[in-house]
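Colleague: I have a structure I would like to understand better, so I am pasting it below and will then ask my questions one at a time.
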Amino acid sequence: MSDNQLANKSQAWSALFSEPMSDLVKRYTASVGFDQRLWRADIAGSLAHAEMLAAQGILSAGDHAAIQRGLHEIAAEIEAGQFEWKLDLEDVHLNIEARLTERVGLAGKRLHTGRSRNDQVATDVRLWLRGEIDEIAGLLTALQRVLVEQAGTHADVILPGFTHLQVAQPVSFGHHLLAYVEMFARDAERMADVRRRVNRLPLGAAALAGTSYPLDRERVARTLGMVDADGAACVCQNSLDAVSDRDFAIEFSAAASLVMLHVSRLSEELILWMSQNFGFIALPDAFCTGSSIMPQKKNPDVPELARGKTGRVVGHLVGLVTLMKGQPLAYNKDNQEDKEPLFDTVDTLKDTLRIFADMLAGLSVRPDAMRAAALRGHATATDLADYLVKKGLPFRDAHEVVAHAVKSASRQGVDLVALSLGELRAFDARIEADVFDVLSLEGSLNARNVLGGTAPAQVRAQVARHRARLA
Ligand code: ARG
């Protein structure tokens, strides 16, 4: 075949093949429809590989220059939307390589020396995902900041805290919001940890066994920023493992699922709080929709969708785990199926985090409704028991005394806090006028002035800690 014929043939391996692929099989096996989004990573990986080949004397300076020029031109073409992606060329890698050869001739064909698409794709996905993780880290910080500021504003707002969704003890709304800050902070830690294992270089593993060319893999790793905290190159140490495992993608999906899980729990609360029966909050109109039939409706669509999309992200995690579980070493085409779930996970997560930061910044809070709810359900019963303990009663006996008082209040249809001193003293003569300091909602909160507790003073201290941490 002439060089020209080689450049024009539609498949990289066709010398061996005597019959063409049907359109259906082409469509079935191709990934270019979705993996073209890896193009930046693909070009960055190729530039780093070519630079190393030249430094090692495997590629001439002239070829290296031509490859560099060609790849930069291709990047500009793609950026400008002028690149023609061809299904016949299967994936992002072959599309870019074929275009490079079109542009710079023989040098383009030398780029693939010491490389296989197997180590190329593993490298591309890792580079791409690393960038996405960095964006996600920023979005997690932004969301936490919004929650921390809302917590600071509402440190003194009291709502009922629930266990079993039954009124348990009054808590600060700021404290409640900071619970989610803790969750998102751990999510950010997890993402940072996943990043360390994503950021390792497969290139140089070639198809599966390594390569006979004297590659400098650490040089490529350094060029691509695949280095640890001390600046040492991070290179996959076993070629079979490097090209085949997608555990880094699975780990990321697990971390992403946990973020969504936390968003979903918060969503559930926002939805409840916004219902007429709670009336604790309102979400900004821009995040709600109306009903086509019921004119009075304002529905919390965004949190509902986030709750729903959590299922989708968790589904992708299960998909990836299942994709991997039966694969023998080394690369199998199954792995091409890692991309769509991974891409959709990233898209869903980023959109969700952005929307939640905006939506929560505009949250309106109804302290009166929260307070009224906290005054139903005898939320300060534990405080009365603790009061009696401090007056010398053993806790179990105090618990019993208060249970009687609660029963009596319930029978009268009032909350425990509404009982008079005389009525309370009927249950235990140790009760004195100072009982109302602890039976009030504020008294109950202020009493919990322990690290991690709901006292507004603690909430303010936590807000300060988070602000400093997120600065
Ligand atoms: N498009 C493929 C993928 O996404 C690239 C690797 C193909 N390697 C191969 N030996 N067919 O995994």
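The values are calculated or read from the model by the stated rules, or taken from the named source; none is laboratory data. Just so it is clear, the model here is predicted, and its values are computed rather than measured. FYI the Cβ positions are ideal-geometry reconstructions off the backbone, even for glycines, and counts take in every protein chain you see.
Colleague: Among Phe252, Phe278, which is the only one that is at pLDDT 95 or above, surrounded by fewer than 22 Cβ atoms within 10 Å (Cβ to Cβ) and closer than 30 Å to Gln150 by Cα? Give the derivation first.
Modeller: On the way: Phe252 fails: surrounded by fewer than 22 Cβ atoms within 10 Å (Cβ to Cβ).
Result: Phe278 is the single residue among Phe252, Phe278 that is at pLDDT 95 or above, surrounded by fewer than 22 Cβ atoms within 10 Å (Cβ to Cβ) and closer than 30 Å to Gln150 by Cα.
Colleague: Within the range 290-340, restricting attention to residues that are among the small types (Gly, Ala, Ser) and closer than 28 Å to Ser275 by Cβ, which residue is nearest to the ligand (Cβ to nearest atom)? Break it down into steps so the answer makes sense when it comes.
Modeller: The first filter runs over the range 290-340 and keeps only residues among the small types (Gly, Ala, Ser), leaving 290-292, 306, 308, 311, 315, 319, 326, 330.
Cutting the leftovers down to closer than 28 Å to Ser275 by Cβ gives us 290-292, 306, 308, 311, 315.
Working: Gly290: 44, Ser291: 44, Ser292: 43, Ala306: 30, Gly308: 29, Gly311: 26, Gly315: 20 Å.
Ranking the candidates gives Gly315 first.
Colleague: As an exercise: evaluate Gln36 against (1) buried (at least 21 other Cβ atoms within 10 Å of the Cβ); (2) within 13 Å of the ligand (Cβ to nearest atom); (3) within 24 Å of Lys350 (Cβ to Cβ) and give the number of the one condition it does not meet.
Modeller: (1)
Colleague: Please list, ordered by first then second residue, the pairs with beta carbon atoms under 6 Å, 6 or more apart or interchain, first in the range 125-143 and farther than 13 Å from Lys339 by Cα and touching a residue at least 24 places away in the same chain (Cβ under 8 Å), second charged (D, E, K, R) and surrounded by fewer than 22 Cβ atoms within 10 Å (Cβ to Cβ).
Modeller: Qualifying pairs under 6 Å: Ile133/Arg195.
Colleague: Follow-up. Can you tell me which residue in the range 227-238 is surrounded by the fewest Cβ atoms within 10 Å (Cβ to Cβ), limited to those that are out of contact with any Lys or Arg (no Cβ under 6 Å at 6 or more places or on another chain) and within 17 Å of Ala122 (Cβ to Cβ)? Give the steps one after another, and end with the answer.
Modeller: As a first pass, look at the range 227-238 and keep what is out of contact with any Lys or Arg (no Cβ under 6 Å at 6 or more places or on another chain): 227-232, 237-238.
Adding the requirement that they be within 17 Å of Ala122 (Cβ to Cβ) leaves 237-238.
On the way: Gln237: 10, Asn238: 13.
Here the residue is Gln237.
Colleague: Okay, next question. Criterion first (in a helix (DSSP H, G or I), within 16 Å of the ligand (Cβ to nearest atom), buried (at least 24 other Cβ atoms within 10 Å of the Cβ) and in contact (Cβ under 8 Å) with a residue 40 or more places away in the chain) does Asn118 satisfy it?
Modeller: Details: in a helix (DSSP H, G or I): yes; within 16 Å of the ligand (Cβ to nearest atom): yes; buried (at least 24 other Cβ atoms within 10 Å of the Cβ): no; in contact (Cβ under 8 Å) with a residue 40 or more places away in the chain: yes.
No.
Colleague: Among the residues of the range 382-402, are any in contact (Cβ under 8 Å) with a residue 40 or more places away in the chain and in contact with a strand residue (DSSP E or B) (Cβ under 9 Å, 6 or more places away or on another chain)?
Modeller: Yes, because at least one residue in the range 382-402 is in contact (Cβ under 8 Å) with a residue 40 or more places away in the chain and in contact with a strand residue (DSSP E or B) (Cβ under 9 Å, 6 or more places away or on another chain).
Colleague: In the range 39-50, what residues are over 16 Å from Val235 (Cβ atoms), in contact with a helix residue (DSSP H, G or I) (Cβ under 7 Å, 6 or more places away or on another chain) and surrounded by fewer than 24 Cβ atoms within 10 Å (Cβ to Cβ)?
Modeller: Going residue by residue through the range 39-50, those that are over 16 Å from Val235 (Cβ atoms) are 39-44, 46-47, 50.
Then drop every residue that is not in contact with a helix residue (DSSP H, G or I) (Cβ under 7 Å, 6 or more places away or on another chain), which leaves 39, 41-44, 46-47, 50.
Correct list: Trp39, Ala41, Ile43, Ala44, Leu47.
Colleague: When you scan the range 420-437, do you find a residue that is at pLDDT below 95, assigned to a helix (DSSP H, G or I), closer than 17 Å to Pro160 by Cβ and not charged (D, E, K, R), even just one?
Modeller: So far as the range 420-437 goes, no, none of its residues is at pLDDT below 95, assigned to a helix (DSSP H, G or I), closer than 17 Å to Pro160 by Cβ and not charged (D, E, K, R).
Colleague: Out of the residues in the range 290-307 that are without any contact (Cβ under 8 Å) to a residue 12 or more places away in the chain and surrounded by 12 or more Cβ atoms within 10 Å (Cβ to Cβ), state the one that is nearest to His154 (Cα to Cα).
Modeller: The first filter runs over the range 290-307 and keeps only residues without any contact (Cβ under 8 Å) to a residue 12 or more places away in the chain, leaving 290-297, 299, 305.
Going one step further and asking which of them are surrounded by 12 or more Cβ atoms within 10 Å (Cβ to Cβ), we end up with 290, 299, 305.
Numbers: Gly290: 28, Asn299: 24, Leu305: 26 Å.
Taking the candidates together, the pick is Asn299.
Colleague: Which numbered condition in (1) more than 16 Å from the ligand (Cβ to nearest atom); (2) of a type outside the set (A, V, I, L, M); (3) surrounded by fewer than 20 Cβ atoms within 10 Å (Cβ to Cβ) is the only one that Gly70 fails?
Modeller: The one condition Gly70 does not meet is (3).
Colleague: In addition: In the range 134-188, which residues are in a helix (DSSP H, G or I) and of a type in the set (Ser, Thr, Tyr)? Walk me through how you get there before you give the answer.
Modeller: Keep residues of the range 134-188 that are in a helix (DSSP H, G or I), which gives 134-153, 173-188.
Hits for the range 134-188 are Thr141, Thr153, Tyr180.
Colleague: Could you list all residues from the range 262-298 that are in contact with a helix residue (DSSP H, G or I) (Cβ under 7 Å, 6 or more places away or on another chain) and not hydrophobic (A, V, I, L, M, F, W, C)? Steps first, answer last, please.
Modeller: Kept after step one, since they are in contact with a helix residue (DSSP H, G or I) (Cβ under 7 Å, 6 or more places away or on another chain), are these residues of the range 262-298: 262-264, 266-268, 270-271, 278-284, 287-289.
Hits for the range 262-298 are His262, Ser264, Ser267, Glu268, Gly279, Pro284, Thr289.
Colleague: Could you say whether any residue in the range 259-269 is among the aliphatic types (A, V, I, L, M), free of Cβ contacts under 8 Å to residues at least 24 places away in the same chain, more than 16 Å from the ligand (Cβ to nearest atom) and over 27 Å from Ala374 (Cα atoms)? Walk me through it before giving the result.
Modeller: Within the range 259-269, the first condition is being among the aliphatic types (A, V, I, L, M), and the residues that meet it are 259-261, 263, 266.
In the following step, the residues that additionally are free of Cβ contacts under 8 Å to residues at least 24 places away in the same chain were identified as none.
No, every residue in the range 259-269 fails to be among the aliphatic types (A, V, I, L, M), free of Cβ contacts under 8 Å to residues at least 24 places away in the same chain, more than 16 Å from the ligand (Cβ to nearest atom) and over 27 Å from Ala374 (Cα atoms).
Colleague: What is the residue count in the range 290-318 for residues that are farther than 26 Å from Phe173 by Cα and either in a strand (DSSP E or B) or within 27 Å of the chain's Cα centre (by Cα) (or both)?
Modeller: 9
Colleague: Further question: Could you identify the single residue in Phe287, Phe356, Phe343 that is surrounded by 14 or more Cβ atoms within 10 Å (Cβ to Cβ), within 16 Å of the ligand (Cβ to nearest atom) and in contact (Cβ under 8 Å) with a residue 24 or more places away in the chain?
Modeller: Working: Phe287 fails: within 16 Å of the ligand (Cβ to nearest atom); Phe356 fails: within 16 Å of the ligand (Cβ to nearest atom).
Selected residue: Phe343, the only one of Phe287, Phe356, Phe343 that is surrounded by 14 or more Cβ atoms within 10 Å (Cβ to Cβ), within 16 Å of the ligand (Cβ to nearest atom) and in contact (Cβ under 8 Å) with a residue 24 or more places away in the chain.
Colleague: In the range 336-392, which helices (runs of 4 or more DSSP H) lie fully inside it and hold 2 or more residues that are more than 30 Å from Thr163 (Cβ to Cβ)? Even if it seems obvious, please write down each step before you answer.
Modeller: Working: elements: 339-361, 367-374, 381-390.
Because the criterion is at least 2 residues that are more than 30 Å from Thr163 (Cβ to Cβ), the helices (runs of 4 or more DSSP H) in the range 336-392 that meet it are 339-361.
Colleague: Same structure again: Do you know which residues across the range 73-87 are of a type outside the set (A, V, I, L, M), touching a residue at least 24 places away in the same chain (Cβ under 8 Å) and not in a loop (DSSP other than H, G, I, E, B)?
Modeller: Glu73
Colleague: Can you name the residue in the range 41-54 that is away from the ligand (no atom under 16 Å from the Cβ) and not small (Gly, Ala, Ser) and is also farthest from Arg222 (Cα to Cα) among such residues?
Modeller: Start the filter on the range 41-54 by keeping residues that are away from the ligand (no atom under 16 Å from the Cβ), which leaves 44, 47-48, 50-54.
Next, from what is left, pick out any that are not small (Gly, Ala, Ser): 47, 51-53.
Details: Leu47: 13, Glu51: 12, Met52: 11, Leu53: 14 Å.
Residue satisfying both the conditions and the ranking: Leu53.
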